[in-house]
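One structure is given here, and the rest of the page talks about it.
Please treat every number below as a calculation from the coordinates, not as lab data. Everything numeric in this text was worked out from a predicted model, so none of it was measured. Here the Cβ is made from the backbone with ideal geometry for all residues, glycine too, and neighbour counts use every protein chain on show.
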Amino acid sequence: MSFLEIKKVSMFFGGLAAIKDVSFGITKGEILGLIGPNGAGKTTLFNVVNGFYTPSRGEVFFKDVKISGRKPHQICKQGLARTFQVVKPLQRMSVLDNVVASAFLRAAHKKQAEESAREILHFTGLYDDRDVLSKGLPLGKRKRLEIARALATKPELLLLDESCAGLNSSELDESISIIAKIKEKGVTIMIIEHHMKVIMSISDRIVVLNYGEKIAEGSPQEIRCNTQVIEAYLGEEQCA
C-alpha cells in the first residue's frame, strides 16, 4: 500500500458531487502535484484527507491506517499537516509565537517548542521577522509563515494548498527552493498549485482533477502532453 492511499473517494454536498470516485496513492518521499481548473475538487479532496470532511463514500489510508472519519487534530498528530489557500495566522501574535503554538503538538515544554520554532524560522527565511506581528507581514511572508506553522508539527506528509498563489517571480523561486528543501528532509508532499512553473519543476508525479473526477495521472512530461488535460486545463499544448 502507498504511504497515502485514496480509495474511490466521493464527497457530496446535497445532491452535488464535489469529488467522485477519486483514487490514487502517494509514495513516501515524493512530491505529488494536484492540478485542475477552479472548482475541480482539489481543496475538497484536501479537506477529506486531513479530516475536515468525512467522505460520502470511499476511504483514505495513511501509513496503512484508515484516517477517513478521524478529526483533523488526530490526523495531524499522526503526522499529516496542511496549509490553507487563504492564510489566517494568529494576527495579534508574533511570527515566532505563531510557530511556537504549532510546535506544542510535539514539544513537551515551552523551551522545546521555542527551540523548534526558531529552527523552522531559520529554515523558512523568517527568523529576522520573528518579533513582527503576523498581521504586519506582506503576502509572500505570510505564505511562508503558513508553511512554517505546518512544519512545526513535524509532519511526515505535508499538504500545500496554493502556497505560491499571489507571489512575484523572486518569491516563487524562493518558495520552490523551500519546497525542495522540505523534500530533502524526507517529508512527502502533495501540492495544489496553478503555477505550472512550480508544478512542472518540483513534482515527481501529477494528478489532474476536472469536475470532481480524476482525468489523468503521470509524470510532468506525460501530463504536459496529455490531450485531455490540455483541453480541460492547460489551454495550449506545452509538449516539447
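Some points to look at:
- Of the trypsin sites (Lys or Arg not before Pro) found in segment 87-116, those that fall in a DSSP loop while having at most 16 other beta-carbon atoms within 10 Å are Arg92, Arg106.
- Within segment 154-219, the trypsin sites (Lys or Arg not before Pro) that combine a DSSP coil assignment with at most 15 other C-beta atoms in a 10 angstrom radius are Lys185.
- Gyration tensor (alpha-carbon) shape descriptor, segment 23-66, a/c threshold 1.5: oblate
- Rounded to the nearest whole Hz, the Karplus-based 3J(HN,Hα) values (6.51 cos²θ - 1.76 cosθ + 1.60, θ = phi - 60°) of segment 146-161 follow the sequence 4, 5, 4, 4, 5, 5, 5, 7, 6, x, 8, 10, 10, 9, 10, 9, with x at glycine and proline.
- Excluding the site residues themselves, the longest part of the chain lacking any GluC sites (Glu not before Pro) in a DSSP loop with at most 14 other Cβ atoms within 10 Å is 1-235.
- For segment 125-181: rounded, prolate or oblate by the Cα gyration tensor [a/c cutoff 1.5]: oblate
- Applying the Karplus relation 6.51 cos²θ - 1.76 cosθ + 1.60 with θ = phi - 60° to segment 86-100 yields 3J(HN,Hα) values of 9, 6, 9, x, 6, 5, 8, 10, 5, 4, 4, 5, 4, 6, 4 Hz, where x marks Gly and Pro.
- Length-normalised contact order for the chain - Cα pairs under 8 Å, 6+ apart - percent: 25 percent
- The lysine pair count for segment 127-231, using Cα distances under 29 Å and pairs eight or more places apart or on different chains, is 26.
- Loop-located chymotrypsin sites (Phe, Trp or Tyr not before Pro) in segment 104-153 whose Cβ has at most 10 other Cβ within 10 Å (DSSP): none
- Rounded, prolate or oblate (a/c below 1.5 giving rounded, otherwise prolate when a/b exceeds b/c) for segment 26-173 by Cα gyration tensor: oblate
- Hydrodynamic radius by Kirkwood, which averages 1/r over all alpha carbon pairs of segment 104-204, in angstrom: 14.2 Å
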